[in-house]
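Enquirer: A single structure is presented below for examination.
Readers should treat all values here as calculations from the given coordinates under stated rules, not as data from a laboratory. Quick caveat: nothing in here was measured; it's all calculated off a predicted structure. For neighbour counting, all protein chains shown are included, and Cβ atoms are generated from backbone atoms with ideal geometry for every residue, glycine included.
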Amino acid sequence: AVSYVRTLYAFTNETLAKYSYATSLQATLRYGILISLVQGLGLGFTYGLAICSCALQLWVGRFLVIHGKAHGGEIVTALFAVILSGLGLNQAATNFYSFEQGRIAAYRLYEMISRSSSSVNDDGTSLDSVQGNIVFRNVYFSYLSRPEIPILSGFYLTVPSKKAVALVGRNGSGKSSIIPLMERFYDPTLGEVLLDGENIKNLNLEWLRSQIGLVTQEPALLSLSIRDNIAYGRDVTMDQIEEAAKIAHAHTFISSLKKGYDTQVGRAGLALTEEQKIKLSIARAVLLNPSILLLDEVTGGLDFEAERAVHEALDMLMLGRSTIIIARRLSLIRNADYIAVMEEGQLVEMGTHDELLNLNGLYAELLRGEEAAKLPKRMEKVARHRIIN
């Protein structure tokens, strides 16, 4: 891409880029030659057929006029009718390719529109009250695009009511698939997910999602004001919005803005920092007042100070709610009620931080690896401090 031209020059990689570009053009050139050949043959055949048709009509007309079976005016009229019809067909033929392209695009579009979602259950039940007991029972799962790759294989997990359970594991362990299954963006291939003893497939989907608050590392913010992004279409008062922002530790920075809650966040929240966007997402979840909270690597891209501020807001949000935390940094989930360790789509360890350390299993190994990775950074900070002093 043109935007990477500085990197290209910085690594003196122009020759390779030119070669790759020229190689890519060869395939385009061959395709262009083939298209031109087909179009040329088609055009020549069309005009040749039209000329032959006119010649044949003139020959037949001459024969009819000689034998007194037709008049010259009738022959000329018929000839012009054929010529004009041919011109019309020729003009239509030039649009056949565009028509075919549009037909293919429309087919894909209408196929997507008409596709029924197996996860939608408008007639499902709603629980009178939600305690927040969550159970994953013998869950198997694979993505439809890669059915041959198992993500979860006989996965079991219990999240007690109003407790926080953190899911950890190596990359590819399957922990990131838990939140989409809980939200019913996907359904398990086998097994079931239970909420207070009820299979979530039997629950009304809209009601289920209204009971779940989701906070992610990259919140989806609309090109609207801060007020509208927190309210997110709900009929709430300004006092409620401000209270939610205070709980999320967002009120201070919002108040410091020139337009306050009427500040436009820009496309995808470009006018805000990562910390500010996450705080708005937390405020949105506070306003929803969910029974279940899902935290998907919320602080993964923040520095230490921003991370601490966000965690203070999350601690307030987690009070009295069943919470599932997906985390890469193990140092951030030590205070979770339980820590579930996953490996190859299965639960291999579960307990508190101290219990898992005493077990000296996979969790302890992951924690040692994380601490070892931090050591060079700490040494670098110490060296910088000595140089400054």
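Enquirer: Each residue of the stretch 136-147 in order: what ³J(HN,Hα) in whole Hz does its phi give by Karplus 6.51 cos²θ - 1.76 cosθ + 1.60, θ = phi - 60°, with x for Gly and Pro?
Expert: For the stretch 136-147, the Karplus curve yields 9, 10, 6, 8, 10, 8, 9, 6, 4, 6, 9, x Hz.
Enquirer: Limiting things to C-alpha atoms, what are the Rg and the maximum Cα-Cα separation (Dmax) for the chain, in angstroms?
Expert: Both quantities, over Cα of the chain: 33.3, 118 Å.
Enquirer: Given +1 on the Cβ of Lys and Arg, -1 on the Cβ of Asp and Glu, and no further charges, what dipole in debye does the stretch 134-379 carry about its Cα centre, rounded to the nearest 20?
Expert: The calculated dipole for the stretch 134-379 is roughly 400 debye.
Enquirer: Quick one: Karplus J couplings for the stretch 64-75, per residue in order, coefficients 6.51, -1.76, 1.60, θ = phi - 60°, nearest Hz, x for Gly and Pro?
Expert: Values, residue by residue: 5, 5, 4, 8, x, 9, 7, 9, x, x, 5, 5 Hz.
Enquirer: Which angle from 0 to 90°, rounded to the nearest 10, does the C-alpha axis of helix 96-114 make with the longest principal axis of the chain?
Expert: On a 0 to 90 degree scale, this one is about 30.
Enquirer: Next question, about the same structure. What angle do you read, to the nearest 10 degrees and between 0 and 90, between the alpha-carbon axis of helix 238-247 and the longest principal axis of the chain?
Expert: 60
Enquirer: Additional query: Can you count the Lys pairs in the chain with C-alpha separation below 29 Å, eight or more apart or on different chains?
Expert: Within the chain, the lysine pair count is 29.
Enquirer: Moving on to the next point. I'd like the trypsin sites (Lys or Arg not before Pro) in the stretch 213-265 restricted to DSSP loop residues with at most 16 other Cβ atoms within 10 Å, sorted by number.
Expert: R234, K258, K259
Enquirer: I've got another one for you. Between 0 and 90 degrees, rounded to the nearest ten: what's the tilt of helix 274-288 against the longest Cα principal axis of the chain?
Expert: Taking Cα atoms only, the helix is inclined about 80 degrees.
Enquirer: Counting helices only, and only those DSSP H runs with n ≥ 4, report the 222 nm mean residue ellipticity of the chain as the sum of -39,500 (n - 2.57) divided by its residues, in deg cm²/dmol to the nearest 500.
Expert: Estimated from H runs of four or more residues: -16500 deg cm²/dmol.
Enquirer: Quick one: Debye curve from the alpha-carbon atoms of the stretch 114-228 only, equal weights, vacuum; give me log10 I(q)/I(0) at q = 0.11, 0.19, 0.21 Å⁻¹ to two decimals.
Expert: Those come out to -0.42, -1.16, -1.32, one per q.
Enquirer: Compute the separation of the alpha-carbon centres of the stretch 198-232 and the stretch 322-367 and state it in Å as a whole number.
Expert: 27
Enquirer: Taking amide hydrogens as modeled 1.01 Å from N in the peptide plane, which residues meet the under 5 Å criterion relative to L127, leaving out close sequence neighbours?
Expert: Counting only residues 5 or more places away or on other chains, the set is empty.
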